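The values are calculated or read from the model by the stated rules, or taken from the named source; none is laboratory data. The shown structure was predicted, so the numbers you read here are calculated from the model rather than taken from an experiment. Ideal geometry is used to build each Cβ from the backbone, glycine not excepted, and the neighbour counts take in all protein chains shown. Accessible surface areas use protein heavy atoms only, side chains included; no ligands, DNA or RNA. Shrake-Rupley method; radii C 1.70, N 1.55, O 1.52, S 1.80 Å.
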Amino acid sequence: VLQGYAAEMDNPLMAHLISPELQNKKDILFGNMEEIYHFHNRIFLRELENYVDYPELVGRCFLDQMEDFQIYEKYCQNKPRSESLWRQFSDSVFFQECQRKLDHKLSLDSYLLKPVQRITKYQLLLKEMLKYSKNCEGAEDLQEALTSILGILKAVNDSMHQIAITGYDGNLNELGKLLMQGSFNVWTDHKKGHSKVKDLARFKPMQRHLFLHEKAVLFCKKREENGEGYEKAPSYSYKHSLNMAAVGITENVKGDAKKFEIWYNAREEVYIIQAPTPEVKATWVNEIRKVLT
């Protein structure tokens, strides 16, 4: 892909086949695929080859390189831009000509999906290895490697949702690390509100997608898109946020094991939040508590 497509975009002999709108868009289309390729080619593959006779040390190999695996997050974040560009130009003569020369049965988009599939495959491979490595040397490393890869997958997944937030004025990066994101039923009970509003609010929950950052929790409304592939990915329109410095939490709400409360400014605003399951609630309550302490 890097030689047969990416490099060809800079080839003067191919220039006449590239439409002007596609020129200089190489970085959008391929993201940091070259960085991923070099990491595997120069570093990770060689490390793995050192352990051909010592499979129990493979976990260590992952752990030593764990930081480098974050290059996948960058690739996945760029993927929606890449897909949208590909859809515009997928029938371009340039791509057809590259595919013909490479004698590929599949078009470029199938190959651009490979890194996304690769990062999800690692956890399956590590799980398989663990299954046959109980009580043997290196099992702990394998377990730790699996946990770290799952952590990277979670970060990739969370960041894919975060880049879909629309209508937020500030800079999301200033809110600190994104810790959790998910969909909830939310009821509000505000002291200042008109009593009629309070009655209405009590019965009908709002569907909200919450993003918990270190410094703030964002409430967004999910909008489903209709389209193909990443077009189907939802977007989240920003509604409001609470500064974590002024937030309090009540862990148990009478009568429902899935509910908890977030309150603001000494209970001036109260948000009753219902998680899909008691487990999801527990995870969120723990994360929020960590931030608050």
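Could you please find all residues in the range 248-277 being over 12 Å from THR188 (Cα atoms) and over 26 Å from the mean Cα position of the chain (by Cα)?
Correct list: GLY248, ILE249, THR250, GLU251, ASN252, VAL253, LYS254, GLY255, ASP256, ALA257, ASN265, ALA266.
Can you pull out the residues in the range 51-94 that are β-branched (Val, Ile, Thr) and more than 18 Å from ILE36 (Cβ to Cβ)? Show your work before the answer.
Residues of the range 51-94 that are β-branched (Val, Ile, Thr), as a first pass: 52, 58, 71, 93.
If the condition is that a residue be β-branched (Val, Ile, Thr) and more than 18 Å from ILE36 (Cβ to Cβ), then VAL52, VAL58, VAL93 are the ones that fit.
Output the number of the condition that LEU200 fails; it satisfies all remaining conditions of (1) buried (at least 16 other Cβ atoms within 10 Å of the Cβ); (2) modelled with pLDDT under 85; (3) hydrophobic (A, V, I, L, M, F, W, C).
For LEU200, the exception is condition (1).
For the range 270-293, give me each residue that is crowded, with 19+ Cβ neighbours inside 10 Å and out of contact with any Asp or Glu (no Cβ under 8 Å at 6 or more places or on another chain).
ALA275, LYS281, TRP284, ILE288
Do we have SER19 as at pLDDT 90 or above, touching a helix residue (DSSP H, G or I) at 6+ places or on another chain (Cβ under 8 Å) and under 15 Å from VAL1 (Cβ atoms) here?
no
From GLU49, GLU67, GLU73, which residue is in the same structural domain as PRO115 (by the TED database) and surrounded by 15 or more Cβ atoms within 10 Å (Cβ to Cβ)?
On the way: GLU49 fails: surrounded by 15 or more Cβ atoms within 10 Å (Cβ to Cβ); GLU67 fails: surrounded by 15 or more Cβ atoms within 10 Å (Cβ to Cβ).
Step by step, each of GLU49, GLU67, GLU73 is checked, and only GLU73 is in the same structural domain as PRO115 (by the TED database) and surrounded by 15 or more Cβ atoms within 10 Å (Cβ to Cβ).
Specify which of the listed residues (SER107, SER92) is free of Cβ contacts under 8 Å to residues at least 40 places away in the same chain, under 26 Å from GLY31 (Cβ atoms) and of a type in the set (S, T, N, Q).
Working: SER92 fails: free of Cβ contacts under 8 Å to residues at least 40 places away in the same chain.
Every option except SER107 fails the conditions.
When you go through (1) open to solvent by less than 40 Å² (accessible area, probe 1.4 Å); (2) part of a helix (DSSP H, G or I); (3) not aromatic (Phe, Trp, Tyr) one by one for THR188, which number turns out not to apply?
Every condition holds for THR188 apart from (2).
What's the number of the only condition in (1) more than 21 Å from GLU67 (Cα to Cα); (2) out of contact with any helix residue (DSSP H, G or I) (no Cβ under 9 Å at 6 or more places or on another chain) that LEU124 fails to meet?
(1)
Please go through the range 14-46 and pick out each residue that is closer than 23 Å to ASP109 by Cα and either open to solvent by 80 Å² or more (accessible area, probe 1.4 Å) or among the acidic types (Asp, Glu) (or both). Outline the logic, then answer.
Restricting attention to the range 14-46, the residues satisfying the condition of being closer than 23 Å to ASP109 by Cα are 14-41.
Selection gives HIS16, PRO20, GLU21, GLN23, ASN24, ASP27, GLU34, GLU35, TYR37.
Determine, yes or no, whether GLU97 is crowded, with 17+ Cβ neighbours inside 10 Å, acidic (Asp, Glu) and touching a helix residue (DSSP H, G or I) at 6+ places or on another chain (Cβ under 7 Å).
no
Please determine, by comparing only the residues of the range 121-143 that are surrounded by 15 or more Cβ atoms within 10 Å (Cβ to Cβ) and among the hydroxyl-bearing types (Ser, Thr, Tyr), which one is farthest from LEU57 (Cα to Cα).
The qualifying residue farthest from LEU57 (Cα to Cα) is TYR122.
Among the candidates VAL52, VAL58, single out the residue that is under 30 Å from LEU146 (Cβ atoms) and not in a helix (DSSP H, G or I). So that I can check it myself, show each step before the final result.
Numbers: VAL58 fails: not in a helix (DSSP H, G or I).
Unique residue meeting the criteria: VAL52.
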